[in-house]
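The values are calculated or read from the model by the stated rules, or taken from the named source; none is laboratory data. As the structure is a computational prediction, the values presented were derived from the model and not from experiment. Don't worry about glycine lacking a Cβ; one is built from the backbone with ideal geometry, like all the others, and counts go over all protein chains shown.
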Amino acid sequence: MRFIIVSGPPSAGKTAVMVHTIKHLLKDGLKVVACKIDCLKTSDDEYYHTLGIPVAVGLSEYLCPDHFFAANLEEIYAWGINHEAEVLILETAGLCHRCAPAVQGCLSICVIDNLSGIDTPQKIGPMLSTADIVVISKGDIVSQAEREVFRQRVEMVNPDAAVLTVNGLNGQGSLKLKKIIMDSTPISEIEGKELRCSMPAAICSYCTGETMIGSKYQMGNVKKVSFGKV
């Protein structure tokens, strides 16, 4: 089964891009399943359901969505196998911009949009810098010059990734993404695979439910601002 991980900032167009791409996969007679991981609520599963494919949703709620993602990879893979899927699309939230969802051996796609600003690629981190494919959406809304500058900024952060432009409204460019997915190597298991980058440190007092402000209430992984010499 091909295990495809799709990440990107909120509202970048991840679901729209993948819905068009899955349509191409279904036309080839492939069995596709989709899983969406988000934080508090999502309606993206409704878009995947319109394709007539099995869909699962995982909400991390009080947990970091990236840690929730990693803790559930084995179960998600087994779910896909149980459905005899040939392609599993796992779309995950990337809300902190430090997220690192890429897994060794799995095709990693990062979706980012032209409207987010030309400095955005440098702010995103491993979610973008470790991706195999970077999909740029919403290019129809900005000028050619803005598209070129934005693409250059993306390539500066991840010079090894293939950069594609996909229109989330009409699906233009999604056929090429489908071909790349089919060229990826299927995996026989997910257990034992490694994340391409370690995740952000967690487990501080606020992670475990603390609500009071002040150093005496803080413990675990705590990092303070350096203000320099006064």
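Numbers for the structure displayed
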| quantity | calculated |
| --- | --- |
| Residue match in region 69-82 (condition: within 24 Å of Cys197 (Cα to Cα) and touching a Cys at 6+ places or on another chain (Cβ under 7 Å)) | yes |
| Only listed residue being more than 20 Å from the chain's Cα centre (by Cα) and either at pLDDT 95 or above or under 30 Å from Trp79 (Cβ atoms) (or both), chosen from Ile203, Ile180, Ile213, Ile190 | Ile203 |
| Enumeration of residues in region 56-107 that are surrounded by fewer than 22 Cβ atoms within 10 Å (Cβ to Cβ), hydroxyl-bearing (Ser, Thr, Tyr) and either at pLDDT below 85 or under 13 Å from the mean Cα position of the chain (by Cα) (or both) | Tyr62 |
| Residue that is farthest from His20 (Cα to Cα), among those in region 131-151 that are surrounded by 21 or more Cβ atoms within 10 Å (Cβ to Cβ) and of a type outside the set (Gly, Ala, Ser) | Phe150 |
| Long-range neighbours under 9 Å by Cβ, at least six apart or interchain, first residue farther than 17 Å from Met18 by Cβ within region 49-74, second among the basic types (Lys, Arg) | Leu59/Lys41; Asp66/Arg98; Leu73/Lys193 |
| Qualifying residue in region 16-32 (condition: surrounded by fewer than 16 Cβ atoms within 10 Å (Cβ to Cβ), on the phi < 0 side of the Ramachandran plot and modelled with pLDDT under 95) | no |
